[in-house]
Structure formats: structure tokens, C-alpha cells
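Peer 1: For reference, the structure I am asking about is given below.
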Amino acid sequence: MSYGLPYADRRGRVFFDERACALADGGAIREPRAEELLPLPEGSVVAMLPRRGPLVGKPVKPRAYGKGGYAAVGVLLPSGYTRLLLPAYAEADGAPALPLFGYAFACVVDDALHVAAAKTDDGESWRPRLFEGDELEQAIARRRAFDTGSRVLEQLAVCSREYGCFTAQNVFFERGEAAIPVSPSCNARCIGCISEQGPESPIPSPQVRIARAAESEDIVRVAVHHLTRDPRGIVSFGQGCEGEPLLRYRTIVESIRAIRARTSAGTINLNTNGSLPERLQDVIDAGLQAVRVSLNSFRPDVYAAYYRPDRYGLNEVLESIRRASDAGLRVSLNLLTFPGVTDEAEELEAMEGFLRGVHVEMVQTRTLNIDPAWYRRAVGGAVAPRGMLEALARIRATGSLVGNFTHQVL
């Protein structure tokens, strides 16, 4: 079966050509498989990829669609889905770098858009919210009136309004996983960092990193309030609007001890790059209950090419995961996935070798938001990709769950 092509004109209008055979990019140009496709999920965003002509035809000899002037289309998936394939396109000379989003392959089936994705999680608090009137603004005003001097709440109000961050919004709706950003500094220079791009970057960062370090007293007030209102809730250090929280481990240790002196409710979580295992141990000893460690690869060279770490490497990251697991924490991995890299044969072997030796409760798949060509230039081209569905199956076979976000303890 062949799958029709969605494409965009110069004005960004999307059209269908069901006679053209759309091709996908899974590390190699190929046709999608039926089991890789889902109807367009609610909450998806269809995006035009400027100066990138969609590829059609047969994989052995793909060709650009039309006579020029048409752009490829990608889909930005909502939470709860894992991208399986990328759009296949020919990039024109001088094409601008794509913004930091995750572009999934889309095609046409029975005059309707389908995407290359798998549904991998669900959770009420993470579904896109359609606020009625000024519901969010009322929640922000109500919560800030309760704690008028909080700089943490001031930052989270920005994240809620401007970035649509669910964990920030949860602070004001007093439920679920609540963000507590603490660190303006980082010891990695990720090429896809959403909060701080270097001067050499061809694109701006979509967010502005926090400028002030949060103080322990402020952190404790926000955290205790949240856990009091939602006793099954989660408070999380380490957010997209900040750097690496372990660089402020002393403040986190002090805060955790003060939180637990006032309430035993809920879960205290840390999102981290895992770069400082000794400092993570200090936080564990203070009472940390859950940790989510981010990485893009279990291979040192691929990891370093993306994270560009400062005075640490993948060995330190894996040691942090081991320490957290040995201490009995709920351990999750924030795995930044990219078809054609995450599912390479060598990558899967490295991943399985680690996960079979260390208990990880959940591998949370995250679409790596980056221009695909930019990422490939950094980490190299694909070698023997096995497909993302196989990658997900092999994660599950190690005993780890596959999901997309942290769930409350029932």
C-alpha cells in the first residue's frame, strides 16, 4: 500500500495529493509501514518545513515533489506519543535552520492525515487544556496572592503563560507534578537546549533561562503548599527554564530537609543530567524519592556530541542512575529519541546492556526537538536502524516501562 502526500504551498496552506507516494526518513529513506501509523492525534500541530521539498516515489530512487515551491510538512505531537519516523525531504541551498521542535512524518490515508507515532502514555493532568476565559489567570492571581513575595511563583507565572508549561501550570492549579526551578547555570551546552543557545547558534532559544537562583525559604513555601493541597502530588526540581539543578545541590538538600520537617505528603523528584553522582548522593541522603535522568544515548561519543558536557561524561551519568537505583528511588530516564539514532543496532545493544543490569522503573521517551540535519551533523549518519517500534519493544523487554511523564503514586 502507498500513502498519499501532504504538502504546503508558499503561504503555508496544506494540501493532499493521494496519488503521490509519500516517503519517510527512519535513518534511511523508506516507505512507512502500516503498524507505524496513527490517525492525527488531538492536540497535534501541522507545521510547514520551509525550503524543504517533500520526497516521493520509491525509496531506491526518491524524487522531490512537483517543480519546486512546495514545502514538506511535519507534525508536532502532543504529550503521550512517541515519534517513529521523520519527514523525508530535500533541503534547498541556504534553507534556514528549523526551530527547536520535533517533526514527525505525516501522510494521507483515506483523505485524512496520519502520523508515524505510537501512543505510549496517558494522564489527565498532561492533556492539553482548553482554558475557559481567564481560568489560568485567575489561578495565577489566586495562588500569588497567597504568597505575594515568591520569586519562584513569579517565574512560574511566566512559564505558565508564555511557554504553556504544564508542570508550571500545575503549581497554580494545585495538582499533579509541580515545577520548582532553582538553577540559572548549567554544565552542559546541549545543541538543542531550549533555554540557552550559544552565540554561534543559527536559531534563538524558545525560552529564556531563569536569571535568579531560587532561595531555600521560597522553595519550601511553594513545595509545602503544593503537597498540602495535593497530598499525592509531586514537586520537581530541574525544569526546562533552568540549567542543571545539581549545581545548587546545597540549596536542594536544605530545602528537602525543611519540606520533610513540615510534611511527609507526596513525592520529591529531581530532573537532572546526572553529571555529579557525589552531589546526587547528598540529595538522596537528604530525602529525595524520585529522579529522572536525561540522556540521548548510551554511547559516549553520541552522548557527548549532543550534550557537549563540561568536566563530566556519560560514565558519570550512568553512575548517578546506578546510585539512585541502589538507593531504592523511583528512577526514570528522560530519553531524547531520534529515529535513525535511538534505534540503531549498536545503540540498542548498549541500552539493553545497561538496563538489564540496573533497575529503571520507566524510560520516558521524549522527542528530541531539533533540526534533523543539525543533529545528524553532530552525531553522524544512521547505521543499521532497526525501527523505533523495535526500540520500544526492546526497552520493555528489559523490564522497564515505557512512558512519557512521571505519574503520581497511588
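Here, each number is a calculation from the coordinates, and none is a lab measurement. Just so it is clear, the model here is predicted, and its values are computed rather than measured. Positions of Cβ are backbone-derived with ideal geometry, glycine not excepted, and every protein chain shown enters the neighbour counts.
Peer 1: Full extension from Ala384 to Ala92: what is 0.36 nm times the residue separation minus their Cα-Cα distance, to one decimal in nm?
Peer 2: That works out to 102.4 nm of additional length.
Peer 1: For Glu361, what residues show an amide H to amide H distance below 5 Å, using hydrogens built from the backbone and excluding near sequence neighbours?
Peer 2: Val331
Peer 1: Let me ask something else about it. Per-residue ellipticity at 222 nm for the chain, helices alone: DSSP H runs ≥ 4 residues times -39500 (n - 2.57), over residue total, nearest 500 deg cm²/dmol?
Peer 2: Values: 11 runs with 120 residues, N = 410.
Mean residue ellipticity at 222 nm (helix-derived): -9000 deg cm²/dmol.
Peer 1: Continuing with the same structure: Can you give the extra length, in nm with one decimal, that the chain gains between Glu346 and Arg151 once fully stretched, where that is 0.36 nm per residue apart less the Cα-Cα distance?
Peer 2: Length gained between Glu346 and Arg151: 65.6 nm.
Peer 1: Check which residues have an amide H placed less than 5 Å from Ala90's amide H, if you skip close sequence neighbours.
Peer 2: HN-HN under 5 Å from Ala90: Gly53, Leu55.
Peer 1: Given the alpha-carbon gyration tensor of the stretch 5-119, what are the semi-axes of its equivalent ellipsoid in whole angstrom, ordered largest first, with each equal to the square root of 5 times an eigenvalue?
Peer 2: Working: eigenvalues 77, 52, 37 Å².
Equivalent ellipsoid of the stretch 5-119: 20, 16, 14 Å, largest first.
Peer 1: Follow-up question, since we're still on this one. Between Ile203 and Arg308, what length comes free when the chain is fully extended (0.36 nm per residue of separation minus the Cα-Cα distance, one decimal in nm)? Please report the intermediate quantities before stating the final value.
Peer 2: Numbers: separation 105, 0.36 × 105 = 37.80 nm, distance 1.77 nm.
Separation in residues times 0.36 nm, less the Cα-Cα distance, equals 36.0 nm.
Peer 1: Here's something else I'd like to know. Once both labels are modelled 7 Å past Cα along the beta-carbon direction, what's the Arg232-Asp282 spacing in nm?
Peer 2: In this crude label model, Arg232 to Asp282 measures out at 3.5 nm.
Peer 1: Any cysteines in the chain with zero other Cys Cβ atoms under 4.7 Å from their Cβ? List them, or say none.
Peer 2: Cys21, Cys107, Cys186, Cys241
Peer 1: Enumerate the amide H contacts of Ile234 below 5 Å, restricted to partners 5 or more residues apart or on another chain; note that Pro and chain-start residues carry no placed amide H.
Peer 2: Result for Ile234 returns Gly176, Glu177, Ala178, Thr267.
Peer 1: On to the next question. Select from Arg144, Arg366, Arg175 the residue whose mean-square fluctuation is largest in a Gaussian network model of the chain (Cα-Cα springs shorter than 10 Å).
Peer 2: Comparing Arg144, Arg366, Arg175 in a Gaussian network model of the chain, the most mobile one is Arg144.
Peer 1: Please check: in the Gaussian network model of the chain (C-alpha springs, under 10 Å), which one of Ala188, Ala92, Ala391 has the largest mean-square fluctuation.
Peer 2: Ala92
Peer 1: While we're here: P(r) for the stretch 322-382: what percent of alpha-carbon pairs falls in each 10 Å bin, starting at zero?
Peer 2: Per 10 Å bin, starting at 0, the Cα pair percentages come out as 20, 44, 28, 9.
Peer 1: I've got another one for you. Convert each backbone phi in the stretch 22-33 into a coupling constant with the Karplus relation 6.51 cos²θ - 1.76 cosθ + 1.60 (shift: θ = phi - 60°), then list the ³J(HN,Hα) values in order as whole Hz, x for Gly and Pro.
Peer 2: My calculation for the stretch 22-33 gives 5, 10, 10, 10, x, x, 9, 6, 7, 7, x, 9 Hz in order.
Peer 1: Compute the FRET efficiency between Arg13 and Lys119 as 1/(1 + (r/R0)^6), taking r as their Cβ-Cβ distance and R0 = 41 Å, and round to the nearest 0.05.
Peer 2: 0.90
Peer 1: Next question. Using Cα-only point scatterers and the Debye equation, what is log10 of I(q)/I(0) for the chain at each q in 0.09, 0.13 Å⁻¹, rounded to two decimals?
Peer 2: So the normalised log intensities are -0.56, -1.13.
Peer 1: What are the ³J(HN,Hα) couplings of the stretch 348-357, residue after residue, when phi is run through the Karplus curve with 6.51, -1.76, 1.60 and θ = phi - 60°? Round to Hz, x for glycine and proline.
Peer 2: Whole-Hz 3J(HN,Hα) from phi for the stretch 348-357: 5, 5, 5, 4, 4, x, 6, 5, 6, x.
Peer 1: I want to verify a result. In a Gaussian network model of the chain, Cα cutoff 10 Å, which of these has the top mean-square fluctuation: Ala22, Ala350, Ala261?
Peer 2: For the chain, modelled as a Gaussian network with Cα springs under 10 Å, the answer is Ala261.
Peer 1: Another one. With the crude spin-label approximation of a point 7 Å out along Cα→Cβ, what separation in nm comes out for Leu401 versus Arg33?
Peer 2: 2.7
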